[in-house]
Each structure stands twice: as structure tokens, then as C-alpha cells.
Amino acid sequence: MQILIVDKANVVKRAEAFRPTHAVVFQTAEDDTDPIIGVLPKNAYRTKINKKNNASLKTMTPLIEFVRNVPADARLLFRCDAGVSRSATGALLAMCLHAPDIDIEDHFKIMRASWPHVVPQRGMLRLTDDILGLKGRLVLASQHDTAERMLSLPILEFNADDIAREINLPNVEPKSWRRIFKSWLLKLAHKI
């Protein structure tokens with residue numbers, strides 16, 4: 001099986017190159033009719049699991065059954081808005097269902113090697129773990145994956161004065177930029 005994770009903005013271009021035989025679309029109300037190029041309607045599954053983690057047994061069970069029934073030689077595309085969280089969870093689901101003999105931690109390593117920017121959605125992982133009877137192994141592997149990612153993050157170094165000069169902002173005192181960056185970093189920290 002070949003799997004591609006893609007975002008909404010790039011789905012057409014990536015689908016043309018990938019030529020998926022099957023697709024899972026995590027859609028929003030605005031894209032109810034968003035076609036996946038080359039995928040027959042019977043080979044496409046659309047779900048309204050959204051960014052706000054509204055996954056439930058009612059939404060996850062049919063998704064799991066669709067993915068379980070995708071042929072082993074399929075080219076399976078997962079599409080969500082950003083191609084980061086819900087699609088990554090779908091890809092892990094496919095890997096667990098179609099390669100159950102591979103350790104779940106190895107699935108995460110394979111995923112991270114192919115798509116280092118993705119972070120599966122925790123609520124969907126918990127439900128998938130429960131539905132598949134994995135006894136917490138999927139959730140635990142996710143926690144280990146997150147810990148490894150956090151330990152590998154590089155140190156971010158920046159100097160507000162240098163940045164202000166580099167972007168050539170006229171009439172800006174460097175001290176005011178320090179205040180602006182500090183405020184921005186504090187806001188960012190609260191969102192995480």
C-alpha cells in the first residue's frame with residue numbers, strides 16, 4: 001500500500017502526481033463536494049471529523065471499516081485542511097490495520113521519517129486504540145513519539161535588533177522590537 005497525506009490547498013496537484021485509487025477526506029462544511037481527482041466515489045470516504053476533535057465512536061467506526069477494506073495494493077490518499085493532524089491519524093490507522101505485525105512504535109518512526117511535520121490527533125488516536133483493542137499501545141507510542149520530537153528540537157536563537165535591521169524597518173527603535181517579540185512569544189506560549 002502507498003499512502004499520501006495532503007492538505008486541502010495542494011490536493012489537486014498532489015493527487016494528479018500520486019494517482020490515488022482510494023481517498024479519505026476529512027472535510028468541513030464548505031467542501032462537501034470537493035472531488036478527489038481519479039478516485040471513484042465508491043472508493044472515497046468523507047467524514048466530518050474536524051479540527052476541534054469531534055471524533056467519536058459514531059465517526060471513527062465507519063472510517064476504520066473503510067480503511068480496513070481498502071485493498072493492500074491501493075494508493076490511499078488522506079486529505080484534511082492542513083495535512084498535519086487528522087490525515088496523519090488516518091495514515092497511522094491504515095498502517096496499523098494493514099501491517100499489524102509491525103510494532104506500533106515502528107509505525108510512528110516510519111511516519112515521522114516520511115512526514116516529519118505531522119502530529120496525529122490525540123482524541124482520534126485514543127478512539128482508534130479503543131476500537132482496535134490495542135490496550136493503550138497506540139496512545140503510548142504517540143506519547144513516546146512526541147517526547148522524541150521534543151527532545152530533538154533545535155535551540156532557536158534570534159536577536160530582535162538584528163531582525164529589525166534585516167527586514168529594514170524604518171524608524172523603529174530596537175528596544176521597541178524587543179517588547180514586541182517578547183509579547184509575541186508570550187502569546188504563542190499561551191496557545192501551545
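The values are calculated or read from the model by the stated rules, or taken from the named source; none is laboratory data. Just so we're clear, the structure is a prediction, and the values are computed from it rather than from any experiment. A quick note on method: Cβ atoms are made from the backbone with ideal geometry, for glycine too, and the neighbour counts reach across all protein chains shown.
Brief remarks follow.
- Test set (1) hydrophobic (A, V, I, L, M, F, W, C); (2) in contact with a strand residue (DSSP E or B) (Cβ under 9 Å, 6 or more places away or on another chain); (3) at pLDDT 90 or above - V118 fails condition number: (3)
- Residues of the stretch 83-138 that turn out to be of a type in the set (D, E, K, R), farther than 22 Å from P71 by Cα and not in a helix (DSSP H, G or I), as a count: 1
- Flag for I49 being in contact (Cβ under 8 Å) with a residue 40 or more places away in the chain and outside any loop (DSSP other than H, G, I, E, B): no
- V119 aliphatic (A, V, I, L, M) and under 19 Å from R137 (Cβ atoms): yes
- Any hit, the stretch 82-101, residues being crowded, with 17+ Cβ neighbours inside 10 Å, at positive phi and out of contact with any Cys (no Cβ under 6 Å at 6 or more places or on another chain): yes
Quick grid of which residues meet (1) hydroxyl-bearing (S, T, Y); (2) at pLDDT below 85; (3) assigned to a loop (DSSP other than H, G, I, E, B):
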{"position": "V6", "(1), (2), (3)": "no, no, no"}
{"position": "V12", "(1), (2), (3)": "no, no, no"}
{"position": "A17", "(1), (2), (3)": "no, no, no"}
{"position": "I37", "(1), (2), (3)": "no, yes, yes"}
{"position": "Y45", "(1), (2), (3)": "yes, no, no"}
{"position": "N53", "(1), (2), (3)": "no, yes, yes"}
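- Within the stretch 18-27, the presence of a residue that is small (G, A, S), within 13 Å of the chain's Cα centre (by Cα) and buried (at least 21 other Cβ atoms within 10 Å of the Cβ) is excluded.
- Filtering the stretch 66-82 to residues that are at pLDDT 95 or above and assigned to a loop (DSSP other than H, G, I, E, B) leaves N69, V70, P71, D73, A74.
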